[in-house]
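Colleague: So that we are looking at the same thing, I have put the structure below in structure tokens.
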Ligand code: GDP
């Protein structure tokens with residue numbers, strides 16, 4: 001139904017019939033493509049380069065280019081997704097080097113926008129004071145980075161919703177940080193030991209548990225797999241229309 005869809009800002013879909021609207025929904029998502037903002041240059045990744053690691057928001061690049069930040073629990077598949085998006089093995093490994101996992105890592109795409117790899121959360125083995133410190137510094141980035149177009153919050157769809165992910169999603173919602181929910185590992189078959197549900201069911205459950213009264217409009221969500229590359233084109237189209245909207249405002 002229309003209420004569960006994500007319409008890019010300024011998109012008037014009232015003139016579209018149900019069939020016309022259906023054609024505009026990106027596969028495996030609730031995202032409607034707007035004819036106004038999609039396309040143009042740079043939907044495809046032609047060029048990707050690691051630019052810098054920063055430990056504070058103030059140290060991030062200051063060229064004013066729009067950016068998307070990837071965040072998620074450790075092991076959610078963040079590096080794999082980053083590599084799948086840019087179609088490069090090992091690009092994201094730069095941020096997996098010791099000392100860089102706790103940094104804000106900027107990758108410049110096509111010379112015109114950034115993908116940002118943020119520290120993962122929920123490491124079981126991290127000392128408590130380190131955990132809170134990562135939290136503080138990532139939250140500062142979310143609240144103060146003016147060129148942040150949207151956070152891409154990664155959620156593992158091969159397992160049932162975890163409290164820590166729900167809390168993180170609610171925090172982003174409460175603070176009105178633009179967020180896209182990216183469900184990872186959607187290729188995985190259901191297993192009894194991980195809840196016995198299909199990825200689609202876990203995706204639905206997560207949203208039902210998360211939305212509550214935090215979100216007035218449903219956040220965009222999309223299903224992906226770094227194994228089959230499902231969702232890759234769709235993520236790039238979504239990023240392209242968000243970027244084009246952002247650049248015009
Ligand atoms: P990170 O810690 O969030 O950067 O996670 P990684 O990208 O290192 O992935 C963690 C584990 O999940 C690895 O064993 C990956 O092979 C696996 N993985 C990542 N993405 C996918 C996916 O889309 N499908 C499946 N089946 N496994 C994945």
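Colleague: Take the residues in segment 161-183 that are touching a helix residue (DSSP H, G or I) at 6+ places or on another chain (Cβ under 6 Å) and not in a helix (DSSP H, G or I); name whichever of them is surrounded by the fewest Cβ atoms within 10 Å (Cβ to Cβ).
Modeller: Taking segment 161-183 as the starting set, the residues that turn out to be touching a helix residue (DSSP H, G or I) at 6+ places or on another chain (Cβ under 6 Å) are 161, 166, 169, 177, 179, 183.
Adding the requirement that they be not in a helix (DSSP H, G or I) leaves 161, 177, 179, 183.
Numbers: 161: 20, 177: 18, 179: 23, 183: 27.
Only one residue tops the list, namely 177.
Colleague: To continue, here is another question. Checking residue 65 against (1) modelled with pLDDT of 90 or more; (2) within 16 Å of the ligand (Cβ to nearest atom); (3) surrounded by fewer than 19 Cβ atoms within 10 Å (Cβ to Cβ), only one condition comes out false. Which one?
Modeller: (2)
Colleague: Kindly indicate whether any position in segment 87-95 is modelled with pLDDT of 85 or more, within 12 Å of the ligand (Cβ to nearest atom), assigned to a helix (DSSP H, G or I) and surrounded by fewer than 21 Cβ atoms within 10 Å (Cβ to Cβ). Spell out how you get there, then give the answer.
Modeller: Going through segment 87-95, the residues modelled with pLDDT of 85 or more turn out to be 87.
Among the residues that remain, those that are also within 12 Å of the ligand (Cβ to nearest atom) are: none.
Within segment 87-95, none of the residues are modelled with pLDDT of 85 or more, within 12 Å of the ligand (Cβ to nearest atom), assigned to a helix (DSSP H, G or I) and surrounded by fewer than 21 Cβ atoms within 10 Å (Cβ to Cβ).
Colleague: Check residue 224 against each of (1) over 15 Å from the mean Cα position of the chain (by Cα); (2) within 16 Å of the ligand (Cβ to nearest atom) and name the one condition it does not meet.
Modeller: The number of the failed condition is (1).
Colleague: Additional query: So which residues in segment 198-246 are assigned to a loop (DSSP other than H, G, I, E, B), touching a residue at least 40 places away in the same chain (Cβ under 8 Å), out of contact with any helix residue (DSSP H, G or I) (no Cβ under 7 Å at 6 or more places or on another chain) and surrounded by fewer than 17 Cβ atoms within 10 Å (Cβ to Cβ), if there are any at all?
Modeller: Going through segment 198-246, the residues assigned to a loop (DSSP other than H, G, I, E, B) turn out to be 198, 212-220, 224-231.
Next, from what is left, pick out any that are touching a residue at least 40 places away in the same chain (Cβ under 8 Å): 212, 214-215, 217-220, 224-231.
Of the ones still in play, those that are also out of contact with any helix residue (DSSP H, G or I) (no Cβ under 7 Å at 6 or more places or on another chain) are 212, 217, 219, 225, 227-228, 230-231.
Answer for segment 198-246, where residues must be assigned to a loop (DSSP other than H, G, I, E, B), touching a residue at least 40 places away in the same chain (Cβ under 8 Å), out of contact with any helix residue (DSSP H, G or I) (no Cβ under 7 Å at 6 or more places or on another chain) and surrounded by fewer than 17 Cβ atoms within 10 Å (Cβ to Cβ): 212, 217, 227, 228.
Colleague: Can you find a residue in segment 130-144 that is at pLDDT below 85, in contact with a helix residue (DSSP H, G or I) (Cβ under 7 Å, 6 or more places away or on another chain) and either farther than 30 Å from residue 62 by Cα or within 16 Å of the ligand (Cβ to nearest atom) (or both)? Quick ask: steps written out before the conclusion?
Modeller: At the first step, the residues of segment 130-144 found to be at pLDDT below 85 are 130-137.
With the extra rule that they be in contact with a helix residue (DSSP H, G or I) (Cβ under 7 Å, 6 or more places away or on another chain), the set shrinks to none.
Checked segment 130-144: no residue is at pLDDT below 85, in contact with a helix residue (DSSP H, G or I) (Cβ under 7 Å, 6 or more places away or on another chain) and either farther than 30 Å from residue 62 by Cα or within 16 Å of the ligand (Cβ to nearest atom) (or both).
The values are calculated or read from the model by the stated rules, or taken from the named source; none is laboratory data. The structure displayed is predicted, hence computed values, not measured ones. A quick note on method: Cβ atoms are made from the backbone with ideal geometry, for glycine too, and the neighbour counts reach across all protein chains shown.
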